[in-house]
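Down below is the structure, laid out as structure tokens.
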Amino acid sequence: METVELKVEMVGIHEKRLRKSLAKLKGVEKVEVGAGTQKVAVRSYIHRNKILKAIRRGGLKADFWSAQNELLNAYATTYGAFRFCPYTSFFF
């Protein structure tokens, strides 16, 4: 049994689509979705590339989780509101 951690770009409504695409695969035992971190952990007997392919076939952007994703996620939660808000202006 292997646990595969993935970074999936999704919003709340995509969780159902994600679970549905993974439920079609035989050998998937457990799916844990962290919506705030966009992290998905899948416990299964299936090769990790097949899991990634199934998620992408479901219409979601996904990639394997890495330590760099942890750093980027921490940066985005800290500074993302200031950087990407279209209403903030630095010219007064």
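Read-outs throughout are calculated quantities, based only on the coordinates presented, and are distinct from any laboratory measurement. Model, not experiment: these values are computed from the prediction. In this analysis, Cβ positions are derived from the backbone assuming ideal geometry, glycine residues included, and neighbour counts consider all displayed protein chains.
For segment 5-45, the number of Lys pairs separated by eight or more positions or lying on different chains, with C-alpha atoms closer than 19 Å, is 11. Packing here is the average count of other Cβ atoms within 10 Å per residue, and on that basis the peptides 38-45, 12-19, highest first, run 38-45, 12-19.
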